[in-house]
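*Asks:* Encoded as structure tokens, here's the structure I'll be asking about.
Bear in mind these aren't lab numbers, they're just calculated from the coordinates by the rules spelled out. Being a predicted model, the structure only gives us computed values, none of them experimental. So basically every Cβ, Gly included, is an ideal-geometry build from the backbone, and we count neighbours across all protein chains shown.
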Amino acid sequence: MMNEFRFYLSLFIRRIHFLLLIVICCAIAGLVVAFTAPAVYKARAQLVVESPQIPGELASTTVQASVVEILEVIQQRLLTRANLLDLSRRFNVHADQPDLLPDAIVNDMRSRIEIQLPFHSQNRASFVAVTFAAPDGETSAAVTNELVTQILQENVAMRTNATGQTLEFFVQEVARLDDELSQQGAKILQFKEAHKEALPDSLDYRRTRQSSLQERILQLDRELSGLRDRRARLVEIFDRTGRSDLAGESLTPEQRQLRQLQDERASALVIYSQDHPRIRSLEGQIAALEAANIRLGLGTETSPNITAFELQLSDIDGQINFIEEEKAIIITELGSLAKSIDATPSNAISLGTLERDYENLRLQYTQATASLAEARTGNQIEAQSRGQRITVTEQAVVPSDPAEPNRKLILAASVAGGVGLAVSLFLVLEILNNTVRRSVDLENRFGVPAFTTIPYVHTARERAMRRSLIAIGALAPIVGLGVALYLIHLHYLPIDLFVEKVAEKLGIGGLLDRFGIG
């Protein structure tokens, strides 16, 4: 095993010049790439999402979107085609490429913009980082600050638009529900007016009224029966005696008074003569009372207009007619009450439906009014920037050093790649090489031990050729580096300034100054 290692190590050392040539070529290529790649400046701005200044328990905004959601929407609006083309035109980002197509400009602008959104986490501040890559620091800082301004404006616009649309919606909703409430109230009023005799709220009264009227009819029937019996008895007495009232109870007060005066006159004639003042006074009173009875239609006692029997019958018949009329009115009212009571259940259902719809509308109106108050509060909160907002913690400044490319890393990677390529090439060549170079190779191939080995003796021509190849391999990178420096001095930058620039980019300017180089 040790012999194998020594053998390959000796081969590696013998071919070290070729391997170094590969490493040097890769290093030169990396150096050219590192210092010919255009510098990219990235200005960085940082924003923070602040919590609402007014606690949500006291007054809350109507914007319910999360911070990440709002920032994602803002990011998509910033990366729209129109906005990117406008940014490129205003800040002359592609002024050196006038023939660049709009699609290419949009794709390039999107690749230059980087917006780092925060992860949604509670009890932690949310930061947003914005960067823009540009060939110079001024353009990078200007575009970055413009992006920051657009983020702030879009955030305010989104939140105020959301609260404004919410407020407008609830204003319209309250107006609509108020109109529907008025219409529903008018329907209820119209229904009550059309069915005012059969509404459920007066059902108890109508039932009580129906009961009292039924009792009244029974009472009237009893009274009517009594009057009819009385009339029949009166007719029966008159038919038997020829008089309806023997005691004068059926006379009117005027007739009783007239009879009393006539009795007094008859008693006085027994004592006094016809010409006595007392007799004349009584006769005058009798004459006056008879004249009054005639005017009243009662006649006199000797010649009455109607008899007492007729008067009593007339009185009884009048009472009977009155009771029958009252009974007819009550029966009519009972019919109306029965119809209204029968119609009350259906009216109650219809009215209940109308009132239930009215109550639902009233609840919706109350809820909409409360929501409208909340929407107005939320709109005021956003209008005064008292809610959740995005503020700038660090403005973008012009960067002094480019962010890309990392020339040290490119140079180190090219050297490491050259070493890896050289080692890989050495290993591949050795794996593919099947020539016999040692006695061990003979023994492995033919299966017989070797007694001795004779080394290969190079001729003078081969040795000269080999030295020439080594010299050419050693001089080629030096000549190539010299030609490259000459071309840089001639077409790009004087060599002394170029060395200073390279030293500055590599960070070794102080070291060169210490040794007096540069």
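*Asks:* Ordered by packing density, taken as the mean number of other Cβ atoms within 10 Å over each peptide's residues, highest first, how do 158-167, 172-181 rank? Walk me through the intermediate numbers first.
*Replies:* Values: 158-167: 18.2, 172-181: 14.8.
Going by the mean number of other Cβ atoms within 10 Å, highest first, we get 158-167, 172-181.
*Asks:* Related question: For the residues Thr391, Thr459, what sequence is obtained by ranking on other C-beta atoms within 10 Å, fewest first? The partial results should precede the final answer.
*Replies:* Numbers: Thr391 11, Thr459 8.
Listed from fewest to most nearby Cβ atoms, that is Thr459, Thr391.
*Asks:* Then there is this: Can you compute the FRET efficiency between Glu114 and Leu363 using 1/(1 + (r/R0)^6), with r the Cβ-Cβ distance and R0 = 45 Å? Round to the nearest 0.05.
*Replies:* Working: r = 52 Å, r/R0 = 1.15.
It comes to 0.30.
*Asks:* Treat each spin label as a single point 7 Å out from the Cα along the C-beta direction, and report the Arg280 to Leu213 distance in nm.
*Replies:* About 6.7 nm, to one decimal.
*Asks:* Report the extension gain between Ile472 and Ser225 in nm, rounded to one decimal, defined as 0.36 nm multiplied by the number of residues separating them, less their alpha carbon distance. Mind dumping the intermediate values first?
*Replies:* On the way: separation 247, 0.36 × 247 = 88.92 nm, distance 15.72 nm.
Computed gain between Ile472 and Ser225 is 73.2 nm.
*Asks:* Which FRET efficiency, nearest 0.05, do Asn107 and Ile13 yield, Cβ-Cβ r, R0 45 Å?
*Replies:* Working: r = 52 Å, r/R0 = 1.15.
Taking R0 as 45 Å, the efficiency between Asn107 and Ile13 is 0.30.
*Asks:* Note down the nm distance, to one decimal, between modelled labels 7 Å out along Cα→Cβ at Val174 and at Glu197.
*Replies:* 4.5
*Asks:* Return the distance in nm (one decimal) between the two label points of a simple spin-label model at Ala82 and Glu69, each offset 7 Å from Cα along Cα→Cβ.
*Replies:* Output for this residue pair reads 2.5 nm.
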